[in-house]
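Enquirer: Structure in structure tokens, see below.
The values are calculated or read from the model by the stated rules, or taken from the named source; none is laboratory data. In this text the structure is predicted, and so the values were computed from the model without any measurement. Heads up, the Cβs are rebuilt from the backbone with ideal geometry, glycines too, and the neighbour counts pull from every protein chain shown. Please note that ligands, DNA and RNA were not included when accessible areas were found on the heavy atoms of the full protein model with its side chains. Shrake-Rupley method; radii C 1.70, N 1.55, O 1.52, S 1.80 Å.
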Amino acid sequence: VIDTEPLVLAAPADHRLAAEPVVSLADLRSEPFIEYASRDSAVNDAVLRSCKQAGFVPHREHAAPGTAVLLALVAAGLGVAVLPSSVRALPLQGVVFRDLADAGTIDL
């Protein structure tokens, strides 16, 4: 383990939760999710585990081969993503990052 990071929300800039400084996972229950395409993704596993603890299974709408494509899909308004907080180092116009009150962490 190199680091442990909190999970954060990546949402389109015009999303209904974009103005909130902190979001709860339960607020994402009905949202379309964008996840990594890899079946072995540690991020996808951490997101699934966190969502199950919040009482739901995320609805996977799109899958991306990497972070750049994933954030572009978010910017296009195709869904939201839950990612390690280090993703904030990759700002993209049209994407906002919000803290998640109850999403837990991921070991990197």
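Enquirer: Sort through A76, A54, A11 and tell me the only one that's over 20 Å from A89 (Cβ atoms), touching a residue at least 40 places away in the same chain (Cβ under 8 Å) and open to solvent by less than 60 Å² (accessible area, probe 1.4 Å).
Expert: A54
Enquirer: Cβ-Cβ below 8 Å, separation at least six or inter-chain, first residue in region 81-108 and on the phi < 0 side of the Ramachandran plot, second of a type in the set (S, T, Y) and open to solvent by 80 Å² or more (accessible area, probe 1.4 Å): which pairs?
Expert: Matching pairs, first to second residue: none at all.
Enquirer: Please determine, by comparing only the residues of region 26-51 that are over 15 Å from L70 (Cα atoms) and among the hydroxyl-bearing types (S, T, Y), which one is most open to solvent (accessible area, probe 1.4 Å).
Expert: S30
Enquirer: Just give me the residues in region 33-64 being of a type in the set (G, A, S) and under 19 Å from A11 (Cβ atoms), in sequence order.
Expert: Passing the criteria: A46, S50, A54, A63, A64.
Enquirer: Suppose we filter G66, G94, G104 for residues that are open to solvent by less than 70 Å² (accessible area, probe 1.4 Å), over 19 Å from V22 (Cα atoms) and not aliphatic (A, V, I, L, M); which single one remains?
Expert: Exactly one residue qualifies, and that residue is G66.
Enquirer: Next question. If you go through region 20-50, how many residues are touching a residue at least 40 places away in the same chain (Cβ under 8 Å), in contact with a Pro (Cβ under 7 Å, 6 or more places away or on another chain) and more than 15 Å from P84 (Cβ to Cβ)?
Expert: Number of matching residues: 1.
Enquirer: Restricting attention to region 79-91, which residues are of a type outside the set (S, T, Y), out of contact with any Phe, Trp or Tyr (no Cβ under 6 Å at 6 or more places or on another chain) and open to solvent by 50 Å² or more (accessible area, probe 1.4 Å)?
Expert: Answer for region 79-91, where residues must be of a type outside the set (S, T, Y), out of contact with any Phe, Trp or Tyr (no Cβ under 6 Å at 6 or more places or on another chain) and open to solvent by 50 Å² or more (accessible area, probe 1.4 Å): A89, L90, P91.
Enquirer: Can you list the strands (runs of 3 or more DSSP E) found entirely within region 1-89 that contain at least 2 residues being over 12 Å from I106 (Cβ atoms)?
Expert: Counting at least 2 such residues, we get 4-12, 32-36, 59-64.
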